Amino acid sequence: MNRLKIRTKKAAVPLSQLLPTNQLVLVDFRVSYTYENGERTDKPNGVSYTIADMLTFNRFDVFVPVTTPVVTEEKLKEAESSENRIFVTLTNAIAKPIQAGYGEIEFSVSADSIEIVS
């Protein structure tokens with residue numbers, strides 16, 4: 001039997017095709033830094049956001065190559081303590097498959113930008 005083989009480094013799917021909803025909530029974020037010779041530098045290269053979709057509450061990380069977060073840690077904590085949600089939208093979000101184990105695929109997600117939805 002012949003099977004379809006795709007090199008995962010070249011495959012990419014728009015994130016909107018994988019998610020059951022476009023209602024996304026910001027859960028957390030962390031600034032990412034460049035590495036040189038295996039050592040972390042002080043140069044930021046983007047922000048990784050933890051996002052949850054509002055239908056399944058699945059959480060996933062999205063890397064955005066903009067070094068300034070769209071929200072402060074204080075605003076995020078304030079929203080958590082008041083049980084408010086910070087809704088966001090992603091621009092040009094792409095999911096790249098990664099083989100996680102037998103019969104499982106995970107996705108690495110990146111986007112050009114992230115914006116807070118009023």
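All of the numbers you see were taken from the coordinates with simple rules; none came from a lab. Remember, it's a predicted structure, so these values are computed and weren't measured experimentally. Don't worry about glycine lacking a Cβ; one is built from the backbone with ideal geometry, like all the others, and counts go over all protein chains shown.
Below are the figures for this structure:
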{"quantity": "Estimated [θ] at 222 nm from DSSP helical runs (n ≥ 4, -39500 (n - 2.57)) normalised by residues in the chain, nearest 500", "calculated": "-2000 deg cm²/dmol"}
{"quantity": "FRET E, pair ARG40, LYS96, Förster distance 25 Å, beta-carbon r, rounded to 0.05", "calculated": "0.60"}
{"quantity": "Overall Cα dimensions of region 13-116, principal axis frame, Å, largest first", "calculated": "43, 38, 23"}
{"quantity": "From phi via Karplus (6.51, -1.76, 1.60), per-residue ³J(HN,Hα) for region 84-99 in Hz, x at Gly/Pro", "calculated": "8, 10, 9, 7, 9, 10, 10, 9, 6, 6, 10, 10, 10, x, 9, 5"}
{"quantity": "Simple spin-label estimate for SER16 and GLU83 in nanometres, 7 Å along Cα-Cβ", "calculated": "3.3"}
{"quantity": "Positive-end extreme of charge dipole, the chain - chosen from ALA100, ASN37, SER81 (charges on Cβ)", "calculated": "ALA100"}
{"quantity": "Calculated FRET value between LEU55 and ARG3, using beta carbons and R₀ = 35 Å, to 0.05", "calculated": "0.65"}
{"quantity": "FRET E, pair GLN23, SER113, Förster distance 22 Å, beta-carbon r, rounded to 0.05", "calculated": "0.75"}
{"quantity": "Contact order normalised by residue count of the chain, Cα under 8 Å, 6+ apart, percent", "calculated": "27"}
